[in-house]
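Engineer: Encoded as structure tokens, here's the structure I'll be asking about.
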Amino acid sequence: MSTMRWTRVFAGLLLGAAGLEAQSAIASRPEPIATRIDSFTVREGTWMSVDIAPNGQTLAIEVLGDVFALPTSGGIARPLFTGTAFQSQPRYAPDGASLAFISDESGSDNVWVARADGSAPRRLSDVPRALMLSPAWSADGRAIFATVVRNRVAEMWRFDVATGAGTVMVPNMNGPASPLVSSPAPGPYSAHASADGRWLYYTNVTPRPYGSRLGASSGIVRRAIGSGQEERLVLEEPMAMAPVVSRDGRWLVYAAQSRGR
């Protein structure tokens, strides 16, 4: 019994020493060389941003923080914006010659623009320490609207494509941010300009009141670009969001939460 016990202790000491030597050897090894995946194959995706070119022939899609161009007929996606930065939410200009997208290449989210083939990318906005969402072109292609979230409050900004100058077009009018971390920032989201240049549609979000069993609420607002006058649209589903108007102005397409879904 005594001999077995000491044998086990001695063996344990040997294993411990071997472990220390192995750890020392691992610590002295050089850092592994960084690697990149040059290609991968997927047939479906989730949580993606997609836009279609005005000529209907090409899709701009976001996959895993990179942006690709894909023929609407199918085929192989061609990379447009890749790298270590997170690129997202591509949107074609009305003439199809340019793309707007969100990138944190500068260290913080900002609106960027490039040619439709991905060449000549440049940062348009210069807003530090902000979350940016849903870039949308004006009908004449001279401005880009985007939601800017700072201090947990959302605002709709307008950025001039030629100069990059940014102004707050729609401030938050839905009160302070909720103390609940999971609640969305109050304010305007998902801008969409009508093709005639008269209207700006957006989602108006109010977070769930603290202590209330009700969830966050949202609705669609139509704003006259010229006068700034607004009206909340009365729709079949009250929890409406993400409006898009057809080019002929006859149809409004939107997402909605209905019966908890």
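Engineer: Can you work out ³J(HN,Hα) from phi for every residue in segment 178-189, in order, using Karplus 6.51 cos²θ - 1.76 cosθ + 1.60 and θ = phi - 60°, giving whole Hz and x for Gly and Pro?
Structural biologist: Couplings: 6, x, 6, 4, 6, 7, x, 5, x, x, x, 9 Hz.
Engineer: So if I place +1 on the C-beta of Lys and Arg and -1 on the C-beta of Asp and Glu, and nothing else carries charge, what would the dipole magnitude of the chain be about its Cα centre? I want it in debye, nearest 20.
Structural biologist: Charge dipole, the chain, about its Cα centre: 700 debye, nearest 20.
Engineer: Could you give the dipole magnitude of segment 125-261 about its Cα centre, charging the beta-carbon of Lys and Arg +1 and that of Asp and Glu -1, in debye to the nearest 20?
Structural biologist: Computed charge dipole of segment 125-261: roughly 400 debye.
Engineer: Of Tyr254, Tyr202, Tyr189, which has the most accessible area with a 1.4 Å probe, and how do the rest follow in descending order?
Structural biologist: The ordering from most to least exposed comes out as Tyr254, Tyr189, Tyr202.
Engineer: Which residue, Ala224, Ser194, Asn204, has the largest displacement toward the positive end of the dipole of segment 189-240 when charges sit on each Cβ (Lys, Arg +1; Asp, Glu -1)?
Structural biologist: Asn204
Engineer: Which one, (i) 1.02; (ii) 1.40; (iii) 2.10, gives Cα Rg over 2.2 N^0.38 Å as derived from the coordinates shown?
Structural biologist: (ii)
Engineer: Return one number: the angle in degrees, 0 to 90 and rounded to the nearest 10, between the long axis of the Cα atoms of helix 2-28 and the longest principal axis of the Cα atoms of the chain.
Structural biologist: 50
Engineer: Taking K and R as +1 and D and E as -1, what net charge do the other residues with C-beta under 13 Å from the C-beta of Arg222 add up to?
Structural biologist: Value of the local net charge: 0.
Engineer: Kindly give the semi-axes, whole Å and largest first, of the ellipsoid equivalent to segment 133-261, taking each as the square root of 5 times a Cα gyration tensor eigenvalue.
Structural biologist: Equivalent ellipsoid semi-axes, largest first: 25, 19, 11 Å.
Engineer: Once phi is turned into θ = phi - 60°, what whole-Hz ³J(HN,Hα) does the Karplus curve with 6.51, -1.76 and 1.60 give for every residue of segment 144-157, x standing for Gly and Pro?
Structural biologist: Values, residue by residue: 10, 9, 8, 7, 10, 10, 9, 6, 6, 10, 9, 9, 9, 9 Hz.
Engineer: Tell me what the chain gives for mean residue ellipticity at 222 nm when only DSSP H runs of n ≥ 4 count, each as -39,500 (n - 2.57), the sum divided by the residue total, rounded to 500 deg cm²/dmol.
Structural biologist: -3500 deg cm²/dmol
The values are calculated or read from the model by the stated rules, or taken from the named source; none is laboratory data. Quick caveat: nothing in here was measured; it's all calculated off a predicted structure. As a convention, Cβ positions derive from the backbone with ideal geometry for all residues, glycine included, and neighbour counts pool all protein chains shown. Accessible surface is based on the protein model in full, side chains and every heavy atom, while ligands, DNA and RNA are left aside. Shrake-Rupley method; radii C 1.70, N 1.55, O 1.52, S 1.80 Å.
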